[in-house]
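Okay, structure first, notes after.
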Amino acid sequence: MNTIAYIKEELKTFINENEIPFNQKLLTEAINVSTKITEILNKGNIDLLKNAKKLIFYTVDQQEEELISFAKVEGIAWAKHSLTLELKLEWVQAIRRTLWHFIRMIDEEKDIMKNRDDYYSMEKIFNEKIDQFLNTFFLSYSHYKDEMLHKQREMVEHLSVPIIPIKQSISVLPLIGYIDSYRIKVIEEKVLNDIGDSKIQILVIDLSGIAIMEMDVIDYFEKILAGISMMGCKAILTGLRPELVKKMVHVGMHFEKNAETRGTLQETLKNIL
């Protein structure tokens, strides 16, 4: 067995035999985390002390595949339960310091460091693996957070496209606020799906809550009206404001074949019903 391999085995054995001092040292190295050990365990079923030992053993044994997989799982768990990156960084740095503290203890007791090359080789291996864990953890954490934000935005946007049934085959879509390129796609998906699912024959789209549409949004909106018509549904536009009409005219919007335009929503519904 070479020197590095011998040191690794001695280190794992020493940590297993001194688990209580190992945990105590970890907690003293991470003051902010130590006060939240039980809270984190209860909140996310994350055993920080157990996971610290797992990280060290993956690092010492250079089990790269297991280390990366563990980091990804940890990243998702911390993001899912809204645990902060500051706490995780403090905890991993505490693990790093505790690891080197125990290496020093073993060396003082058993004189395992025969030369500087052994020390530098081990330092490079261990620190690189811990850094790799941290990088993978942060990427996993950020990816999960981004996915959650995207799903939340999708849910909010779908709720902001309320298609209200008035009669069995007649529905109203009141559009309010700013419509960007993302939201117009949500409108397209919601409108066409609802027409197909609910067999809507007349869809009244009220634009009184919309002041301005950008050119690309107007162009997309024109295509949505064409899609509505292709599905056998009649689109009626109400509440067109002068500013919006000017913009539509200037960009060359032509929707006469695919939609009717009328006055207010109230007048239109009164005539239809």
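The values are calculated or read from the model by the stated rules, or taken from the named source; none is laboratory data. Predicted, not measured: the structure shown is a model, and the values here were computed from it. Cβ: placed from backbone, ideal geometry, glycine included. Neighbour counts: every protein chain shown. We work out accessible area using only protein heavy atoms, side chains counted, and drop any ligands, DNA or RNA first. Shrake-Rupley method; radii C 1.70, N 1.55, O 1.52, S 1.80 Å.
Structure values in brief
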| read-out | value |
| --- | --- |
| Residues of region 118-161 satisfying the condition of being open to solvent by 60 Å² or more (accessible area, probe 1.4 Å), over 17 Å from the mean Cα position of the chain (by Cα) and among the aliphatic types (A, V, I, L, M) | Leu159 |
| Restricting region 67-115 to residues that are surrounded by fewer than 17 Cβ atoms within 10 Å (Cβ to Cβ) and hydroxyl-bearing (Ser, Thr, Tyr), the residue that is farthest from Phe126 (Cα to Cα) | Ser82 |
| The one condition in (1) touching a helix residue (DSSP H, G or I) at 6+ places or on another chain (Cβ under 6 Å); (2) outside any helix (DSSP H, G or I) that Ile106 fails to fulfil | (2) |
| Search result, residues across region 162-211 that are open to solvent by 40 Å² or more (accessible area, probe 1.4 Å), closer than 13 Å to Cys233 by Cβ, polar (S, T, N, Q) and in contact (Cβ under 8 Å) with a residue 12 or more places away in the chain | Ser198, Gln201 |
| Restricting region 30-66 to residues that are closer than 20 Å to Ser82 by Cα and open to solvent by less than 20 Å² (accessible area, probe 1.4 Å), the residue that is farthest from the chain's Cα centre (by Cα) | Ala30 |
| Number of positions in region 254-263 that are over 15 Å from Gly227 (Cα atoms) and open to solvent by less than 60 Å² (accessible area, probe 1.4 Å) | 1 |
| Subset of region 1-27 [surrounded by 12 or more Cβ atoms within 10 Å (Cβ to Cβ), more than 33 Å from the chain's Cα centre (by Cα) and under 29 Å from Ala79 (Cα atoms)] | Phe22, Gln24, Lys25 |
| In region 37-76, the residues that are at pLDDT 90 or above and small (Gly, Ala, Ser) | Ala52, Ser69, Ala71, Gly75 |
| Residue match in region 212-230 (condition: in contact (Cβ under 8 Å) with a residue 60 or more places away in the chain, open to solvent by 10 Å² or more (accessible area, probe 1.4 Å) and either of a type in the set (A, V, I, L, M) or at negative phi (or both)) | no |
| Within region 121-170, tally of residues that are of a type outside the set (A, V, I, L, M, F, W, C) and within 30 Å of Gln266 (Cβ to Cβ) | 8 |
| Wholly within region 1-94, helices (runs of 4 or more DSSP H) carrying at least 1 residues that are among the basic types (Lys, Arg), closer than 27 Å to Ile112 by Cα and without any contact (Cβ under 8 Å) to a residue 40 or more places away in the chain | 48-60 |
